Amino acid sequence: MPSLLIRNVRPLGASPVDLLVRDGCIAETGAALSAPADATVEEGAGALLLPGLVEGHTHLDKTLWGMNWYRNEVGVNLVDKIENERAFRHASGHDAAAQSLVLAKAFLALGTTRLRTHVDVDTQAGLRHLEGTLRTRQALRDVQQIQVVAFPQSGLLGRPGTAELLEQALAQGADLLGGLDPCAIDGDPVRSLDVLFGIADRHQRPLDIHLHEPGAMGAFSLDLILQRTEALGMQGRVAISHGFCLGDVGERERDALLARMARLGVVLITSAPPSRSVPPLMACRKAGVTVLGGNDGIRDTWSPYGNPDMLERAMLIGMRYNLRRDDEIDVALHTVTHAGARGCGFEAYGLEAGCRADLVLVDAQTPAQAVVSRPVRKLVVAGGRVVGRNGVLQADVASL
């Protein structure tokens, strides 16, 4: 791979520097760097330099992105959405391979170079959705790091054979094991979590558990999760997605749970939806809990909303938490950059020498302005390779 020299950029709004990329990693930053003989030179023209954006929670396999409009008439309950989606995907022959690739590329064009996606595994579809998404991961392996979570969207206990399919999914290449509402969906939280943690322990894989359960129910499930995390020595290997209960329970109970999460290295992933209670972002951070951001589903049978733009998601997180000061908006950006990478375990992340060269250039004076205005991505670099200009993928990447 030839070297890449990007001149006159401002890392996270700092003073202008040049940045040299060699062998896919940041080699040096400084003023008036000399261009190696093999280097391609890009003029940054004083643009704001961000690290590659991080999507901490999405569902690439479900998306209808780029397809005909789906008329949503699903019921209001969680189980309504689950059953409707499963029936639609079965009847329509929804192609997880094609759709996950389309959405992953849309993320990449807008600067997301690393993402975590949950993929449905159930006894009707088997591993079909997983296999399709693994093909996308393979196709984009040089330009986008994709973590795949084997996710029992229809529940773990109610459809016999699901546990065995999850074990097969991990054996076939899923990076993490997912879980879902042990009380509200499985109805037997102790058994549900025993099975789930047992699979994770046997395969030595991290866990990312959807916890939609509200109030006392969700707090009870979270307590059981934390108990098992400690008992099995899974510190630093468990994530809670959504965690709505942390926005419902009283401050004393919430803070006790957050203290345990921080001690055990359990991270929290939020899309900060406007329609639900959400975990208090600043209280989580004060307690030492890593909070990262994600879109959840994008244009699927659950919801028509969503956009593969992590600057937009940072803006929505900022709005949901009433973050107005520039330093507060920087926190929103942090959920889709450094906290996102740390919470997902993506290594060599950042703008320092030695980090993988995942870079985004935008016309903005400050990071806060970039979040609020979501400017066109002037340049996207992934692993030291220019993959996008002005919001459009390069032809060689678009054809992958």
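The values are calculated or read from the model by the stated rules, or taken from the named source; none is laboratory data. Only a predicted model underlies this, so the values are computations on that prediction, with no experimental measurement involved. So basically every Cβ, Gly included, is an ideal-geometry build from the backbone, and we count neighbours across all protein chains shown. Protein only, heavy atoms only, side chains kept; ligands, DNA and RNA dropped before computing areas. Shrake-Rupley method; radii C 1.70, N 1.55, O 1.52, S 1.80 Å.
Listing for the model above:
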quantity: GNM top mover of Ala382, Ala339, Ala283 - the chain, alpha-carbon springs below 10 Å; calculated: Ala283
quantity: Extended-chain gain in nm, criterion 0.36 nm per residue less alpha-carbon gap, Glu251 and Ala91; calculated: 53.0 nm
quantity: Added length on full extension, which subtracts the Cα-Cα distance from 0.36 nm per residue, Asn77 to Gln235; calculated: 53.6 nm
quantity: Helix-only [θ]222 nm of the chain, DSSP H runs n ≥ 4, -39500 (n - 2.57) each, per residue, nearest 500; calculated: -11000 deg cm²/dmol
quantity: Nitroxide proxy distance, nm - points 7 Å out along Cα→Cβ at Ala395 and Ala171; calculated: 4.5 nm
quantity: Furthest towards positive pole of dipole, Ala216, Ile240, Ser277, structure part the range 53-344, Cβ charges; calculated: Ile240
quantity: Tilt relative to the chain, helix 96-109 - C-alpha long axis, 0 to 90 degrees, to 10; calculated: 40 degrees
quantity: For the range 65-90 and the range 222-266, distance of Cα centres in Å; calculated: 31 Å
quantity: Under the Debye formula (equal points on every Cα, no solvent term), log10 I(q)/I(0) of the chain at q = 0.08, 0.10, 0.13 Å⁻¹; calculated: -0.41, -0.64, -1.07
quantity: Estimated distance in nm for a label pair at Asn84 and Asp223, the labels positioned 7 Å out from Cα along Cα-to-Cβ; calculated: 3.4 nm
quantity: Solvent-accessible heavy-atom area per residue, rounded to whole Å², over the range 53-344 at 1.4 Å; calculated: 38 Å²
quantity: Estimated D of the range 279-400 in µm² per second, where Rh is the Kirkwood radius over Cα pairs and Stokes-Einstein applies at 37 °C, 0.692 mPa s; calculated: 209 µm²/s
quantity: Gain upon complete extension [Met1, Glu352; 0.36 nm per residue less C-alpha separation]; calculated: 124.4 nm
quantity: Residues listed by number, the range 148-171, amide nitrogen under 16 Å from Tyr70 label point at 7 Å toward C-beta; calculated: 153-154
quantity: For the chain: lysine pairs under 30 Å (alpha-carbon distance), excluding those fewer than 8 apart on one chain; calculated: 5
quantity: In Hz, Karplus ³J(HN,Hα) per residue of the range 143-156 (6.51, -1.76, 1.60; θ = phi - 60°; x = Gly, Pro); calculated: 10, 8, 8, 10, 9, 10, 9, 6, 10, x, 4, 8, x, 9
quantity: Total charge dipole magnitude, the chain, about the Cα centre, Cβ charges on Lys, Arg, Asp, Glu only, Debye to nearest 20; calculated: 380 debye
quantity: Calculated FRET value between Asp38 and Val376, using beta carbons and R₀ = 41 Å, to 0.05; calculated: 0.90
quantity: Kirkwood Rh and Cα Rg combined as Rg over Rh, evaluated for the range 51-181; calculated: 0.96
quantity: Among Ala262, Gly161, Pro375 - extreme Cα towards positive end, dipole of the chain, charges at beta-carbon; calculated: Pro375
